[in-house]
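Scroll down for the structure; my scribbles are underneath it.
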Amino acid sequence: MTANLPLTASNELTTTDGRYLETHLFHVPMMHCAGCMGKIELHLKTMPGVAMARVNLSRKEVKILSGPDLATGNLVEALAKIGFPAEEIDIGQLPSDEAASVGPMLKRLAVAGFGMMNVMLLSVAVWAGADATTRQFLHLISALVSLPILIYAAQPFLANAWQALRMTRLNMDVPISLAIILAALTSFYEAFDGHGHAYFDAALSLTFFLLAGRYLDLKSRQKARSAAAQLARMQSPTVRRKRNDTVTTIKLASIAPGMILVVRPGERVPVDGIVKKGITESDRSVLTGESLPLTLVPGTAVFAGEICINGVIEIEASTVAEESVLGQFIELVDIAERGRDRYSTLADRAAAVYAPLVHALAALAFGLWWWLSGDAYLALTIAIAVLIITCPCALGLAVPAVMTTVSGRLFSRGVLLKNATALERIASIDTVVFDKTGTLTTGRFTPACLHGLCDDEMAVLAAMAAASQHPLARAIVAAMPADAGATIELEAIREVPGSGVIARHNGHVVRVGKAGWINAATEKGPSYRRLGFHYGKRPIRWLNFDEEVLPDIAVMLAQLDRHGVKRILLTGDLGSAAAEMAERLGFGDFRAEMTPTQKLAFVKSLQGCGRHVLMVGDGLNDTGAMAAANASVAPATALDAVRTTADVVLLGDKLQALPLLLDTAQTAKRRVLQNFVVAALYNLVAVPLAFAGLVTPLLAAVAMSASSITVVLNAVRPSFAKDTTAPRD
């Protein structure tokens, strides 16, 4: 099984002349879409000396592998030339720009709301029949209030629109910005020229409602952080190097093949290598999902990320950190996340058609009315009304309003929705792939036959088990009364790594451990999840263990069957144990002894057959498959890096909410489509009126606000999927 563990490197880390490539990581805050990704990658790959350029949109990062002769400054300059200022950051550093941007966005929303309400109050006096002097005075006050507010509050739309135009493409922010600018400029002209109409309230209303949609969307995505960066944090920044019998501390990045490194109990192996000295048991579950520890002896291969349990070992490094299994885990997840960044939502697809259509309508209205009336000002007013009335406020709120509502309702049932696009993807799921350990099972074991021991054997066994950190020994301790071995005095007790515990009691040698160490010749059958207990000359007692299954799993799986989804079990356990658990849980399809690479490849093979895959896992070995799947779910007990990878986190210790999640996702997708229909019907009715010159920019803003409110009310109305799970405490 371990022979298949190393992953396939995604790139070579050496040049043709044998020199190591240098890794550069840049934070690029001006990336906003898949188009930005493509432009950056294409430009960098044409640069001499660049071996690889990879963009992660969710983190706004660019990773570059280049020859040692290419300076960092040259890369920064190259990115700046195409409109993407960049700064180099440390590997594993988490940029906080998205989290930090929520606060400023909320401030902009508050300022826009303040300005909108105050200018509307001033507009009441204007439209109520004030005389010309008073009307112009109020217009001037409105202009003074609106100018700084528009400059500050509309900045996100203006900046994104300018960036899109620089890249010779259109996005939704272009017609939004155009409508805001034209409405503001026209209003300033009318205010200072003494005309009777000004539309500052329309420009501010437009800005406010669009910011509301942008804020809701940003808030729903705030919890989605990069899994690859979290995985990098599992790597200790320093390691112990042994050289000429002297142990020193060096940086992880300084490790080179051939170095001798010291790993102590409780520490993670820093890089792949070979054990040169020492014996220990190792917890490799985060890499392979295998439940029980493995024994490491001199000559055994070790992999970055596994945990040394009960012995000190010295290993000879065979790789640098980035080429290790853990380093390649990070690379696999980063590649998968990058693929998900290219996922196109309903709103994205609508925007691709909507933006150029709006521009065409506004331009047509201006040209037609100028030709018919010969009045450029009238034509511009009607074009502004068309732009405002077609501005995608309802379209912009269609998704975030539903997602925010659904997120709150799911959270009350113990489901944390981390990714704004997750529900749309989950609504199409037809296959659910489960990891076993920690997902369907607790990862703990229960001894099945302690009742066959007499009282003194029970007490001695409890005392022996208490001296070991082996999972099966801990299971024995947990199954016995707290004071079971309190009166037992053991002599010369010691743990033999990879075998068991030996001691003396009342002149008798007592051993508990693996069957082969106790006496394999007297025991038939497999020794998986089995310990032997030998007390003096008494008969050997064989202790079998059952893996604990999480409560109510059978009910949840039955509910999934009623949904018509296909269920598949993936595990790193040996074939016999996997088959036993699959039969116990009712899985007709399972895969055993799966490495992380094999899990990822299996998920991709399902997708290649047209399947939409939901991956449910909790271990580091699941992160690649989870990031590659259409959507992913992790329990609250999962590792931090796994919860980061997941689109959804289950806050309780049960999976009962999984069927509810599927139901809710389908309902939410229908609600989003309904909102798009509302927005489309609004445009079908309102656009002809505006085009005919029957709607002023102010009435256009009011109609736009009405459609936005309708979308929000549709999003918050009840009748989402019913569930039978209890509310979260």
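Each value in this text was obtained by applying a stated rule to the coordinates, not by laboratory testing. Small disclaimer: the values here were computed from a predicted structure and weren't measured. Here Cβ is always computed from backbone atoms with ideal geometry, including for glycine, and neighbour counts include all displayed protein chains.
Given a Förster distance of 60 Å, report the FRET efficiency between Asp193 and Leu651 from their Cβ-Cβ distance, rounded to the nearest 0.05.
0.50
The simple spin-label model puts a point 7 Å past each Cα toward its Cβ; for Thr238 and Leu357 those points are separated by 6.1 nm. Look at Ile540, Ile384 and count the other Cβ atoms within 10 Å of each Cβ; fewest to most, that gives Ile540, Ile384. Residue exposure proxy: Cys308, Cys449, Cys609, ordered by other Cβ atoms within 10 angstrom of their Cβ from fewest to most, comes out as Cys609, Cys449, Cys308.
Neighbour counting of Cβ atoms within 10 Å sorts the residues Leu44, Leu684, fewest neighbours leading, into Leu684, Leu44. Projected label points at Val247 and Leu713, each 7 Å from Cα along the beta carbon direction, are separated by 7.1 nanometres. Starting from the Cα gyration tensor of the stretch 574-660, take the square roots of the eigenvalues, sort them a ≥ b ≥ c, and report rounded, prolate or oblate (rounded when a/c is under 1.5, otherwise prolate if a/b is larger than b/c, else oblate). Here the stretch 574-660 falls in the rounded category.
To the nearest 0.05, how large is the calculated FRET efficiency for Phe137 and Trp162 if R₀ is 45 Å and r is the Cβ-Cβ distance? With R0 = 45 Å, the Cβ-Cβ based efficiency is 0.85. In the structure shown, the pairs Lys63/Lys251; Lys276/Lys436; Lys436/Lys669; Lys39/Lys60 are assessed against 25 Å; a Cα-Cα span above that value is assigned to Lys276/Lys436; Lys436/Lys669. For the stretch 236-326, the spread of Cα positions along the three principal axes, ordered from largest to smallest, is 35, 25, 20 Å.
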